[in-house]
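What follows is a set of notes on a single structure, which appears directly below.
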Amino acid sequence: MSSTDNSPNPDDLGELPSGRRLQSVFDDGLDYPRLGNVTFRRGTLTDNQQRLWNEHWPRLGRVLADEMIDTDEWFGRSAPTILEIGSGTGTSTAAMAVQEPDVNVIAVELYKPGLAKLLGAAVRGGIDNIRMIRGDGIEVLNRMIAPGSLAGVRIFFPDPWPKARHHKRRIIQSGPLHLIASRLKPGGVLHVATDHADYAEWISELVDVEPQLEYRGWPWPDCPQLVDRQVITKFEGKGLDRDHDITEFLWQRPL
Ligand SMILES: C[S@@+](CC[C@H](N)C(=O)[O-])C[C@H]1O[C@@H](n2cnc3c(N)ncnc32)[C@H](O)[C@@H]1O
C-alpha cells in the first residue's frame, strides 16, 4: 500500500467494513455510486452500548465479508427476508419489525453507533426478527445476498449528496437498481423514501430504468409488504420541520 493510499488494510475489516479498495467492480455498463474518498463512519459507543455489543453482536450482527448469508440459519427459521440499506439509528427499523413478526429484517449500516442503538432496541424490546450487517449496502447485496432471495429492500432517506459534483455518490442509480432487482424474488418489493426534492426528482427520472423492476408508484394499497414506517425518524422529522415533502417510491419484481 502506498503512503498516499487511505484504503483500509484488509486486516482491519472488523473495524472498517468497506473502503474504496474493497469496492466491487461492476462491468455491466450501468452507473454505480462512486464513493471517492468518503470516510466510512466510525464513532464510539457508550460503555453500556459496548457491553451489549460484546454480548449480542456475535449472534445478531455481521461485518461485510465475501460470504453468502444463510438466512434460515441466521434467523433460526424460514421466513421472507427484507433488507434495509442505511438504517441509521434504526428507529423505524425496530418499529416496523415489531409490526411484521413473520418477516426477517436485515439492517445494513456503515455507522456503528447507529447499529449499536438498533441492537440495544432489539435486545431490550425482545425483537427477535432483526439482524444487522455493518458495511456498504451495495457490497452487502453483491457479496452476501443470494440472487432471487429477498422479499423486499428498503432505502429510507438515503444521503442526498446535494452538491452537483457529488451526485455520482447517490445510491439510487441504474446499477444499484439492477443489483436490487437481481436480489429480489419474483413479487419482491423495493421501497424508497426521500425528503429531498432534488433527489426525488432524480429518482423519478430513474423509475423505469431497470427492466426487471415494475414501477408501482405511491400509494399502492395492495403492496404485499409493510410500507408504513410507524415513526417519524430523526431525518424524516428534520425534513418535516423544514416543511419538506416526503416522496415515496415502490417497485415490484414482476411475478
Ligand atoms: C440520512 S440517514 C437515514 C437513516 C434512516 N434510514 C432514517 O430514516 O432515519 C442515511 C443513512 O444511510 C447510511 N448509508 C449511506 N450510504 C450507505 C451505504 N452505501 N450502505 C449502508 N448505509 C449507508 C448512513 O450512514 C446514514 O446512517
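What follows is calculated from the coordinates using simple rules that are stated; it is not laboratory data. What you see is a predicted model, and the numbers here were worked out from it, not measured in a lab. No Cβ is skipped: glycine too gets one built from the backbone with ideal geometry, and neighbour counts run over all protein chains shown.
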Based on what the data block shows, is residue 169 basic (Lys, Arg), under 18 Å from residue 196 (Cβ atoms) and touching a residue at least 60 places away in the same chain (Cβ under 8 Å)? yes
Give me the residue from the range 160-177 that is farther than 17 Å from residue 141 by Cα and among the hydrophobic types (A, V, I, L, M, F, W, C) and, out of that set, surrounded by the fewest Cβ atoms within 10 Å (Cβ to Cβ). 164
What are the residues in the range 56-76 that are on the phi < 0 side of the Ramachandran plot, away from the ligand (no atom under 16 Å from the Cβ) and either surrounded by fewer than 20 Cβ atoms within 10 Å (Cβ to Cβ) or assigned to a loop (DSSP other than H, G, I, E, B) (or both), if any? 56, 57, 58, 59, 66, 67, 68, 70, 72, 73, 74, 75
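Which ones in the range 85-110 are part of a loop (DSSP other than H, G, I, E, B), hydrophobic (A, V, I, L, M, F, W, C) and touching a Ser or Thr at 6+ places or on another chain (Cβ under 6 Å)?
Once the filter is applied, which keeps residues that are part of a loop (DSSP other than H, G, I, E, B), hydrophobic (A, V, I, L, M, F, W, C) and touching a Ser or Thr at 6+ places or on another chain (Cβ under 6 Å), the range 85-110 yields nothing.
Among 152, 135, 187, which is the only one that is closer than 21 Å to residue 76 by Cα and small (Gly, Ala, Ser)?
152
Based on what the data block shows, is residue 82 within 16 Å of the ligand (Cβ to nearest atom), surrounded by 17 or more Cβ atoms within 10 Å (Cβ to Cβ) and in a loop (DSSP other than H, G, I, E, B)?
The answer is no for residue 82.
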